[in-house]
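The values are calculated or read from the model by the stated rules, or taken from the named source; none is laboratory data. All figures in this text were calculated on a predicted structure; none of them were measured in a lab. Cβ atoms come from the backbone with ideal geometry, glycine included; neighbour counts cover every protein chain shown. All accessible areas refer to the heavy atoms of the entire protein, side chains included, with ligands and DNA or RNA removed. Shrake-Rupley method; radii C 1.70, N 1.55, O 1.52, S 1.80 Å.
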Amino acid sequence: MTNKFIHFIANWKMFGDINSIKSLNKVIKFSNIYKKKKFSIIYCPPYTLLNLFSRKVKNTRILLGAQNCHHEQKNSAFTGSISAKMIKKLGAKYVIVGHSEVRDAGETDLLVNKKIKTLIDNNLKIILCIGETLSQKKKKQTFKVLKNQISRGLKGIKKKNNILIAYEPIWSIGTGIIPKIFDLDRKIKYLKNFLIKKIKIKNPKVLYGGSVNHKNITYLKKIDILDGFLIGGASHSPKKFIDIIKKTFI
Ligand code: PGA
């Protein structure tokens, strides 16, 4: 993994306030001295911090992403929503769609698909999350679930080069449990094969997410075929987040 380009995505979920700028500053400083390695850091703070973070990351190698957006193209009367246009104007480059916590709150594959179309129209890049529940895993439905989430989410989409796929087994998110390396390696290979052959993405990028931390990264990085990590809890601490990045390249 040490020689390829790796994406590190920090998903802050519903955490962070004005003081979080200190945490970002530390990571900016680190990324400035760790210049030689090939990686990107994509910060996805809550909407309330996008503006502040956007001004801070200008002229650094850190990119900004939003955690969600409304599926409608035009700004309109949708109380409580944020459009792709608004996110784009703030200087963000990525938007997460299909996260299991958002799917849990009612986001369907159809909505994921609409959001992706809107994001592409607004020249934003996509982090598409997919993953199975524990009960689906036990019933051996994982591959079927993942294939459906990808096919339905990307239905009718022609421009597929700006999409990162984040495989996040739901039973792994926030639980401290990660898949067995052999099993994860097999799944990522299967996903890449499916993305190339059936979805016609030439060089698909697949990331892993779910309880990634500064300890288990030593194991996870053994999966050479991975293109990066989507990190929730451990990305709040600049020390742990930096540690994850450093250890990936050791
Ligand atoms: P976690 O979250 O790293 O806290 O498990 C990952 C995610 O939900 O994206």
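Listed here are the residues, each with its yes/no results for (1) on the phi < 0 side of the Ramachandran plot; (2) among the hydroxyl-bearing types (Ser, Thr, Tyr); (3) open to solvent by less than 10 Å² (accessible area, probe 1.4 Å); (4) within 16 Å of the ligand (Cβ to nearest atom).
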site	(1), (2), (3), (4)
Thr175	yes, yes, no, yes
Gly209	yes, no, yes, yes
Ile244	yes, no, yes, yes
Lys247	yes, no, no, yes
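Contact annotation: residue pairs with Cβ atoms under 6 Å, 6 or more positions apart or on different chains, pairing a residue in the stretch 219-237 that is more than 16 Å from Tyr167 (Cα to Cα) and without any contact (Cβ under 8 Å) to a residue 60 or more places away in the chain with a partner that is open to solvent by 10 Å² or more (accessible area, probe 1.4 Å) and more than 9 Å from the ligand (Cβ to nearest atom), are Tyr219/Ile181; Ala234/Lys240. The helices (runs of 4 or more DSSP H) falling completely within the stretch 129-207 that include 2 or more residues that are small (Gly, Ala, Ser) and modelled with pLDDT of 95 or more map to 142-153. Among the residues of the stretch 211-231, those identified as more than 17 Å from the chain's Cα centre (by Cα) and either at positive phi or charged (D, E, K, R) (or both) are Lys215, Lys222, Asp224. Of all residues in the stretch 211-227, which are within 13 Å of the ligand (Cβ to nearest atom) and charged (D, E, K, R)? Once the filter is applied, which keeps residues that are within 13 Å of the ligand (Cβ to nearest atom) and charged (D, E, K, R), the stretch 211-227 yields only Lys215. Residues that are surrounded by 13 or more Cβ atoms within 10 Å (Cβ to Cβ), farther than 23 Å from Ile6 by Cα and within 16 Å of the ligand (Cβ to nearest atom) do not occur anywhere in the stretch 152-166.
Every residue, every condition in (1) part of a strand (DSSP E or B); (2) open to solvent by less than 40 Å² (accessible area, probe 1.4 Å), yes or no:
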{"position": "Leu52", "(1), (2)": "no, no"}
{"position": "Asn59", "(1), (2)": "no, no"}
{"position": "Leu64", "(1), (2)": "yes, yes"}
{"position": "Gly91", "(1), (2)": "no, yes"}
{"position": "Ile96", "(1), (2)": "yes, yes"}
{"position": "Gly106", "(1), (2)": "no, no"}
{"position": "Val112", "(1), (2)": "no, yes"}
{"position": "Lys117", "(1), (2)": "no, no"}
